[in-house]
Amino acid sequence: MPRTLSMDLRERIVAHVGAGHSRRSAAKKFAVAPSSAVRMVALHAATGRLEPKLKQAGRRSVLNAHRAYLVERIEATPDLALPELVSELAEREVRIDPSNLSRWFIRNGYSVKKNAAGQRARAPRHQKQT
C-alpha cells in the first residue's frame with residue numbers, strides 16, 4: 001500500500017493551487033499524481049482539512065465472534081464437512097458460504113485433510129455386470 005503524502009507537501013500543493021495555478025500543474029510541479037492533487041484540493045475546499053484519511057484494516061469476519069464454537073466443533077468432530085458446519089451456523093443465525101468458512105479456517109491456521117496423504121478420497125468404481 002502506498003505511503004501517504006507529507007503534510008508539508010499537501011500544504012504546498014494547496015497553496016500553489018490557491019495562488020491561481022491549476023491542480024494538474026501543481027501535481028506536475030510537486031511530482032504527484034494528478035488525481036491526488038485534485039482530491040487533496042477538493043478535500044481542503046470541502047472540509048478545510050488536509051490530513052489524510054485513516055488507513056483501515058481489512059474487513060472483519062463475522063465468524064470471529066463465533067471462534068470458540070467453531071474451534072470446539074472441529075476439535076470434537078475433525079471430519080465434519082463444511083456444508084454441515086454452515087447449516088449449524090445457520091441455526092445460530094450466521095449466514096456464510098462454505099468457501100468463506102474454509103478461508104476463515106485456513107487464515108486461522110486450521111488445515112483439515114481427508115486422509116493422511118492429504119489427497120481427496122476417491123469414489124469407488126462401478127463394475128459392469130456380465
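The values are calculated or read from the model by the stated rules, or taken from the named source; none is laboratory data. Since this is a predicted model, take the numbers as computed values, not measurements. Note that each Cβ is placed from the backbone with ideal geometry, even for glycine, and that neighbours are counted across all protein chains shown. Areas reflect the complete protein model, heavy atoms only, side chains present, ligands, DNA and RNA absent. Shrake-Rupley method; radii C 1.70, N 1.55, O 1.52, S 1.80 Å.
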Quick check on residue 17: is it of a type outside the set (Lys, Arg) and at pLDDT 90 or above?
yes
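Just checking, which of 59, 24 is within 27 Å of the chain's Cα centre (by Cα) and open to solvent by 70 Å² or more (accessible area, probe 1.4 Å)? Before you say what the answer is, go through the steps one by one.
Values: 24 fails: within 27 Å of the chain's Cα centre (by Cα).
The conditions single out 59.
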Filter result for the condition that a residue is within 30 Å of residue 26 (Cβ to Cβ), open to solvent by 60 Å² or more (accessible area, probe 1.4 Å), modelled with pLDDT of 90 or more and of a type outside the set (Val, Ile, Thr), over 37, 45
45
Those residues of the range 2-20 that are within 36 Å of the chain's Cα centre (by Cα) and farther than 14 Å from residue 44 by Cβ come to a total of 5
Given the structure, is residue 47 β-branched (Val, Ile, Thr) and within 28 Å of the chain's Cα centre (by Cα)?
no
From the list 81, 19, 90, pick out the single residue that is within 30 Å of residue 111 (Cβ to Cβ) and open to solvent by 50 Å² or more (accessible area, probe 1.4 Å).
90
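Considering only helices (runs of 4 or more DSSP H) fully contained in the range 18-101, which possess at least 1 residues that are within 20 Å of residue 6 (Cα to Cα)? Even if it seems obvious, please write down each step before you answer.
Working: elements: 23-29, 34-47, 67-76, 82-91.
Per the criteria, 23-29, 34-47.
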